[in-house]
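Visitor: Attaching a single structure in structure tokens format; questions to follow.
The values are calculated or read from the model by the stated rules, or taken from the named source; none is laboratory data. Computed from a predicted model, the values in this text were never measured in an experiment. Virtual Cβ from ideal backbone geometry, glycine too; neighbours counted across all protein chains shown. Just the protein is used for accessible areas: all its heavy atoms, side chains included, with ligands, DNA and RNA removed. Shrake-Rupley method; radii C 1.70, N 1.55, O 1.52, S 1.80 Å.
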Amino acid sequence: MQEIHKYIQGFNDFREEYFCCENSPFEILRKGQEPKTMVIACSDSRTDPSLLLQCGPGEIFVVRNVANIVPPYETKAGYHGVSSAIEYAVKALKVENIIVLGHSDCGGIGALMRNDEVNETEFVGNWLSMLHDVREDVLDHFGEVSPRSCKACEMSGVLASVRNLMTFPWIAERVDSGDLHLHAWYFDMTTGQLRGYDRDGQKFKTLEMPVPGGATPGGD
Ligand SMILES: [Zn+2]
């Protein structure tokens, strides 16, 4: 119960900061949300995107699931929770960016790679099976399940999810017209670094702030 009391106190502190004074953030936010970016992250308790990216309420539209997976576009019957969130973010909120945020030491990817305990799960094994091809490719390359191959699978899983985003026709359309940008990011909690996939170099590189006055990615 102590944990629960801590959360109630936490909410009271939140309310104090965000609701109670004049010009508080929710004076505007209670009228609606206009986030410019969607983040698809893992449910892992250490990878809260709002905390990692230091975003306040209303800044990012978030969906989280085991191993930050984006399913491929499919319209057959089913409860498409992730795809619904993506549809709302893209069509209704008109976000300009979608970030798929993977991370190191991912329990979901570890279970996928070991392929043992997931067989006894009711839902997790089937969910992770979307990355079976990624697992096979990584194992073909590394030959065994190891910290290195798990890390490679975590990163390849992020790329597979970005590829799946492009199977949604209305996403591909907006990406082609330049109205939407897709980003593959990876939080390495061992080194405390944030990496982004560099298409030209075909690898994940540490993301750095652009130099003031210098060339910025996508800038003039
Ligand atoms: Zn994870």
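Visitor: Which one of these does Ser156 not meet: (1) of a type in the set (Ser, Thr, Tyr); (2) within 15 Å of the ligand (Cβ to nearest atom); (3) open to solvent by 30 Å² or more (accessible area, probe 1.4 Å); (4) out of contact with any Lys or Arg (no Cβ under 9 Å at 6 or more places or on another chain)?
Guide: Ser156 satisfies all of (1) of a type in the set (Ser, Thr, Tyr); (2) within 15 Å of the ligand (Cβ to nearest atom); (3) open to solvent by 30 Å² or more (accessible area, probe 1.4 Å); (4) out of contact with any Lys or Arg (no Cβ under 9 Å at 6 or more places or on another chain) except (4).
Visitor: Anything in the stretch 107-121 that is open to solvent by 70 Å² or more (accessible area, probe 1.4 Å), in a helix (DSSP H, G or I) and without any contact (Cβ under 8 Å) to a residue 12 or more places away in the chain? List them, or say none.
Guide: Selection gives Glu117, Asn119, Glu120.
Visitor: Another question, if that's okay. Taking the options Arg195, Arg135, name whichever one is over 25 Å from Lys91 (Cα atoms) and open to solvent by 40 Å² or more (accessible area, probe 1.4 Å). Before the answer, list the steps.
Guide: On the way: Arg135 fails: open to solvent by 40 Å² or more (accessible area, probe 1.4 Å).
Of Arg195, Arg135, the one residue that is over 25 Å from Lys91 (Cα atoms) and open to solvent by 40 Å² or more (accessible area, probe 1.4 Å) is Arg195.
Visitor: Okay, next question. Consider Asp137 against the criteria (1) in contact with a helix residue (DSSP H, G or I) (Cβ under 9 Å, 6 or more places away or on another chain); (2) touching a residue at least 12 places away in the same chain (Cβ under 8 Å); (3) under 17 Å from Asn65 (Cβ atoms): it satisfies all of them except one. Which criterion is unmet?
Guide: Here Asp137 clears every test but (3).
Visitor: So, in the stretch 70-90, how many residues would count as being out of contact with any strand residue (DSSP E or B) (no Cβ under 8 Å at 6 or more places or on another chain) and either among the aliphatic types (A, V, I, L, M) or within 13 Å of the ligand (Cβ to nearest atom) (or both)?
Guide: Final tally of qualifying residues: 1.
Visitor: Another question, then. Among the residues of the stretch 162-192, how many are open to solvent by 70 Å² or more (accessible area, probe 1.4 Å), assigned to a loop (DSSP other than H, G, I, E, B) and either of a type in the set (Asp, Glu) or within 20 Å of Tyr73 (Cα to Cα) (or both)?
Guide: Qualifying residue count, the stretch 162-192: 2.
Visitor: Does at least one position in the stretch 45-52 carry a residue that is open to solvent by less than 20 Å² (accessible area, probe 1.4 Å) and either in contact (Cβ under 8 Å) with a residue 60 or more places away in the chain or assigned to a helix (DSSP H, G or I) (or both)?
Guide: yes
Visitor: Sort out which residues of the stretch 73-100 are surrounded by fewer than 18 Cβ atoms within 10 Å (Cβ to Cβ) and either among the charged types (D, E, K, R) or within 19 Å of Tyr197 (Cβ to Cβ) (or both), and write them in order of number.
Guide: Glu74, Lys76, Glu87, Lys91, Lys94, Glu96, Asn97
Visitor: Out of Gly196, Gly218, which single residue is of a type in the set (Gly, Ala, Ser) and modelled with pLDDT of 95 or more? Quick ask: steps written out before the conclusion?
Guide: Working: Gly218 fails: modelled with pLDDT of 95 or more.
It is Gly196.
Visitor: Cβ-Cβ below 8 Å, separation at least six or inter-chain, first residue in the stretch 164-190 and more than 17 Å from Thr37 (Cα to Cα), second small (Gly, Ala, Ser) and in a helix (DSSP H, G or I): which pairs?
Guide: Phe168/Ser83
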